[in-house]
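Asks: My questions will all concern the structure given below.
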Amino acid sequence: MKSDFYALAGLTKRGIKIFLKDKAGVFFSLLAPLIVLMLYVIFLGDVQLDSLKAYLSGAEVPESLAKVFVDGWMLAGVLSVACITVPFSAQSILVRDRESGNMSDMLVSPIKRHIVGLSYLTSVFAVSLCICFAVLIVAFVYLALTGWYLSLKDVFGIVGLTALSALFAALLSVIICSFISTQGAHGAFTGIMSAAIGFLVGAYMPLSMFPKAVRFGALLLPGTYSAGAFRNLFMRGALEEISSLSVQAAEGLREGFSMNLDFFGRSIGLSSQLWLFVASTAVVAAIVFGLRLAFFKGTSFLTPAGRKKGK
């Protein structure tokens, strides 16, 4: 048991070093969050703020409070997207080892097969936590400088949700990347996913602005519930302040900025979104550990394409 722990720690450390040495990989893992940030800075921020001020014109809401509310929406989008794209980009470690044959060498070593497999999950999860928490620290610093309406409960909720979101995406990346055999294919997949995921989870614009069919399609993605929970946690404090000035305006903003999600005709809030996301994470974990895709039985998941196990 002790030797297994040291082997897992060593392989996890190896995976982290390999990913961090790839500067381009680190950059592209943050490409989608950077896109969200740039779109916000260039025009989305002003557009959202102007429309919000027009909506709140009769409620006498200070412009600074309206800006903090919109900033919370933006930061929720940046963080929710980062928690998805970073793990998938970091899973290039697995694809690279399969393509180069390094995985075959490790599988015939004295290290147990399930330890080798588990290390790809732990290294990706560790990398994702480091990068996503770095993004989170920047978000907290930004809010501290521009307007802080987060309670201690909100802060702990955001930190916990960040860790859970990174774990979910790390688990899901194990399943999806097990079918990718080359780094080129992995790069193409992560590039397309990074461009699309911001729309699908409502990071570029609120889901309420999309057609009904698109909104219902987004409900099939667990990341939608993670993003919705992030929006609630980041925006709740500012929304409560707005509610003290106009309850009607606050309820309209809650729906308009997709803090509540239309779950096939039923409006669901933070609590339901969190439960749905936790359930999704549990299902994905069961698939990874239970359907022979991953780590415990020496399966084809760990065998590079075109090679036989044990050779």
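Asks: Report, to one decimal in Å, the Kirkwood hydrodynamic radius for segment 175-259 based on all distinct Cα pairs. Numbers along the way, then the final one.
Replies: Values: mean 1/r = 0.0677 Å⁻¹.
Radius from the Kirkwood sum: 14.8 Å.
Asks: Can you pull the three principal axis extents for the Cα set of the chain, in Å, largest first?
Replies: 73, 39, 36
Asks: How far is it, in nm, from the label point at THR182 to the one at LYS53 when both lie 7 Å from their Cα along the line to the Cβ?
Replies: 5.2 nm
Asks: OK, next. Calculated FRET efficiency, ILE42 and PHE264, Cβ-Cβ r, R0 51 Å, to nearest 0.05? Walk me through the intermediate numbers first.
Replies: Numbers: r = 35 Å, r/R0 = 0.68.
The pair ILE42/PHE264 has a calculated efficiency of 0.90.
Asks: Right, something else. At MET193 and PHE156, where each label point lies 7 Å from the Cα along Cα→Cβ, what is the point-to-point distance in nanometres?
Replies: Going by the 7 Å Cα→Cβ label model, 3.2 nm.
Asks: Here is a further query. Based on alpha-carbon atoms only, what is the radius of gyration of segment 216-273 relative to the globular estimate 2.2 N^0.38 Å?
Replies: Numbers: Rg = 11.6 Å, N = 58, 2.2 N^0.38 = 10.3 Å.
That ratio works out to 1.13.
Asks: Using a Gaussian network for the chain with springs between C-alpha atoms less than 10 Å apart, which of these wobbles most: GLY77, GLY252, GLY117?
Replies: Of GLY77, GLY252, GLY117, the most mobile in the Gaussian network model is GLY252.
Asks: Moving on to the next point. What FRET efficiency would be calculated for the residue pair PHE140, ALA213, taking the C-beta separation as r and a Förster radius of 25 Å, to the nearest 0.05? Before the final figure, lay out each step's value.
Replies: Values: r = 37 Å, r/R0 = 1.46.
With R0 = 25 Å, the Cβ-Cβ based efficiency is 0.10.
Asks: Please state, to two decimals, what the Cα-based radius of gyration of segment 76-212 comes to when divided by 2.2 N^0.38 Å (N = residues).
Replies: Rounded to two decimals, the normalised Rg is 1.22.
Asks: Here's something else I'd like to know. Please tell me the relative contact order of the chain in percent, rounded to the nearest whole number, where contacts are Cα pairs under 8 Å and at least six residues apart. Don't jump to the answer; show the numbers that get you there.
Replies: Numbers: 397 pairs, mean separation 83.0, N = 311.
Value for the chain: 27 percent.
Asks: Using 0.36 nm per residue of separation minus the Cα-Cα distance, give me the extension gain between GLN248 and SER100 in nm, one decimal.
Replies: Numbers: separation 148, 0.36 × 148 = 53.28 nm, distance 5.97 nm.
That works out to 47.3 nm of additional length.
Asks: If amide hydrogens are placed 1.01 Å from N in the peptide plane, which non-local residues have theirs closer than 5 Å to the one on PHE263?
Replies: Excluding prolines and chain starts, which carry no amide H, the hits are ILE268.
Asks: With a 10 Å cut-off between alpha carbons and a GNM built on the chain, which of TYR120, TYR142, TYR225 moves the most?
Replies: Top of the fluctuation ranking is TYR142.
Asks: Using only the Cα atoms, what convex hull volume per residue in Å³ does segment 1-127 have?
Replies: Details: hull volume 16.4 nm³, N = 127.
Spread over its residues, the Cα hull of segment 1-127 gives 129 Å³ apiece.
Asks: Please identify the helices of the chain, taking whole runs of DSSP H, that span at least 18 Å along their own axis as judged from the Cα atoms and have a mean Kyte-Doolittle score of -0.5 or higher. Mind showing how you got there, number by number?
Replies: Numbers: long enough: 2-21 (29 Å, 0.12); 63-90 (40 Å, 1.31); 113-146 (50 Å, 1.99); 152-177 (37 Å, 2.07); 183-200 (25 Å, 0.98); 222-243 (29 Å, -0.04); 270-290 (29 Å, 1.79).
Answer set is 2-21, 63-90, 113-146, 152-177, 183-200, 222-243, 270-290.
Asks: If R0 is 30 Å, what FRET efficiency do you get for GLU60 and TRP148 from their C-beta distance, rounded to 0.05? Intermediate values should be presented prior to the final figure.
Replies: Values: r = 22 Å, r/R0 = 0.72.
It comes to 0.90.
None of the figures in this text is laboratory data; all of them are computed from the coordinates on show. As the structure is a prediction and not an experimental result, all values here were calculated from the model. For neighbour counting, all protein chains shown are included, and Cβ atoms are generated from backbone atoms with ideal geometry for every residue, glycine included.
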